[in-house]
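Below is one structure, written out as structure tokens; the observations come after it.
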Amino acid sequence: MGSMELSTAPENGTAAAAAACNGGAAPPNGGVERRLRSSAPSASWAAHLPLEVGTRVMCRWRDQKPHPVKVIERRKPSPSSSPADYEYYVHYTEFNRRLDEWVKLEQLDLDTVEADVDEKIDDKATSLKMTRHQKRKIDETHVEQGHEELDAASLREHEEFTKVKNIAKIELGKYEIDTWYFSPFPPEYNDSAKLFFCEFCLNFMKRKEQLQRHMKKCDLKHPPGDEIYRCGTLSMFEVDGKKNKVYGQNLCYLAKLFLDHKTLYYDVDLFLFYILCECDDRGCHMVGYFSKEKHSEESYNLACILTLPPYQRKGYGKFLIAFSYELSKKEGKVGTPERPLSDLGLVSYRGYWTRVLLEILKKHKSNISIKELSDMTAIKADDILSTLQSLDLIQYRKGQHVICADPKVLDRHLKAAGRGGLDVDVSKLIWTPYKEQG
């Protein structure tokens, strides 16, 4: 599943992004209330419409405050539309691309237009002043990272190809969900602003009526595959991409709507999908998933991971990470997530590694090596080393790394790492590694 994008943020951010996408708070504008002009363009600007792609301007966001945007694309609502009727697809330069959207001219303040665009201007630059807490919250949610391993040409190609969201909303089970990113659905779905998914088989349709007819015939009440974990109302199903190819491909289409730089693989035969569900008397409803290669020479134990927006901030992202390591322990291997990690992915994994390692160090009174920590946790030695270095808990003495574990320092870092999320009850895991299944 290519580049590993984690849309589960830290659970004190597991998807703060979802809150923002569904109307969450935006940063204050330094106490300066500025109303945007009316929808009618002034006579001086009428001659300059429609606005050019690349134009920078202030736009009224859902918080009813002005924010700087860059015009990414434009369109005519109908062939007979006038220049003043154009709609603009804009990128809010303060925020992650997941908040990009189509807006009408009435939302733009034409008096702030920067007609001559200097591409060297930093998109992140803003005159808004925030408190430290607000800035941390925005950074956790919106910082555009995760493309570190893409060269400049590949990054430009990626952003050009995926610059405009093709599907604005989906319906999945009882939820209508705003999408975050472009997903390469088949061409016949290009004119569909909203898609309707069967929450069990993940087939998708253009109209509600089609979904209703489908649900009368679909006999699935859970993901196709083997249930390998059941604890209370939580279940985990293992789905083999080779045995359930259509389901695997549909899952990838769905996931790409919420993962920016995930590479969509149409050949899902090489992957196993682990689908986490909440179960009730109606069936098992997917809340998130992770995938992993059946055979990974790089010791990857996770390729892609996603917690769906309605289920974020409930500890499921951390649960999925922990579950992937429990499978690695069963396999007798160390594991690591596939790179590159997204911004939210890195924060979530660093939080998981921090909690697991520091809890061991707190209980372990004698000296312990990185190799021993790796054997106990199934976390790759490189990840342990980078985590401890980021916490200033490791020193290099006489040719070897030495862990410096002061109890007060450990407690401070554990508190900063936040709560650990849902625990995996290993006694409820009934699973045979793939190579042994063969």
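HN-Hα J couplings of region 334-343 from phi, Karplus 6.51/-1.76/1.60, θ = phi - 60°, integer Hz, Gly and Pro as x?
Along region 334-343, the couplings run 8, x, 7, x, 5, 9, x, 7, 6, 4 Hz.
Any number yet on Rg/Rh for region 387-426, C-alpha, Kirkwood? Show your work: numbers first, answer last.
Values: Rg = 13.5 Å, Rh = 12.0 Å.
Taking Rh as the inverse mean 1/r over Cα pairs, Rg/Rh reads 1.12.
May I ask which of Lys242/Lys435; Lys292/Lys333; Lys65/Lys194 have a Cα-Cα span longer than 22 Å here? Write out the running numbers ahead of the final one.
Values: Lys242/Lys435 14 Å; Lys292/Lys333 14 Å; Lys65/Lys194 27 Å.
The pairs that break the limit, which is 22 Å between Cα atoms, are Lys65/Lys194.
Karplus couplings for region 97-110 from phi (6.51 cos²θ - 1.76 cosθ + 1.60, θ = phi - 60°), rounded to Hz, Gly and Pro as x?
Taking θ as phi minus 60°, the curve returns 4, 5, 9, 4, 7, 7, 10, 9, 4, 5, 8, 9, 9, 5 Hz for region 97-110.
Excluding Lys169 itself, what net charge comes from residues whose Cβ is under 9 Å from its Cβ, given Lys and Arg +1 and Asp and Glu -1? Present the calculation step by step, with values, prior to reporting the outcome.
On the way: positive: Lys194; negative: Glu171, Glu176, Asp178.
So the environment of Lys169 carries a net charge of -2.
Which Rg and Dmax, in Å, describe the Cα atoms of region 296-357?
Rg then Dmax for region 296-357, in Å: 11.7, 35.
Can you check how the C-alpha radius of gyration of region 286-401 compares to 2.2 N^0.38 Å, as a plain ratio? Each step should come with its number before you reach the end.
Details: Rg = 14.8 Å, N = 116, 2.2 N^0.38 = 13.4 Å.
Here the Cα radius of gyration is 1.11 times the empirical estimate.
Once you have the alpha carbon radius of gyration of region 46-119, what is it after dividing by 2.2 N^0.38 Å, with N set to its residue count?
Details: Rg = 11.7 Å, N = 74, 2.2 N^0.38 = 11.3 Å.
So the Cα radius of gyration is 1.04 times the expected 2.2 N^0.38 Å.
So if we plug the beta-carbon distance of Lys435 and Val164 into 1/(1 + (r/R0)^6) with R0 = 56 Å, what FRET efficiency do we get, rounded to 0.05? Mind showing how you got there, number by number?
Working: r = 42 Å, r/R0 = 0.76.
Step by step, r from the Cβ atoms, then E = 0.85.
How long is the gain from Gln212 to Lys242 if the chain were fully straight, where each residue apart is worth 0.36 nm and the alpha carbon distance is subtracted? Numbers along the way, then the final one.
Values: separation 30, 0.36 × 30 = 10.80 nm, distance 2.83 nm.
Extra length available between Gln212 and Lys242 comes to 8.0 nm.
Could you state the per residue volume, in Å³, of the convex hull enclosing the Cα atoms of region 203-332? Spell out each step's value before the answer.
Numbers: hull volume 16.5 nm³, N = 130.
Looking at region 203-332, the number lands at 127 Å³ per residue.
Bear in mind that the values in this text are calculations on the coordinates, not laboratory data. None of these values were measured; they are calculated from a predicted model. Glycine gets a Cβ as well: all are built from the backbone with ideal geometry, and neighbour counts include every protein chain shown.
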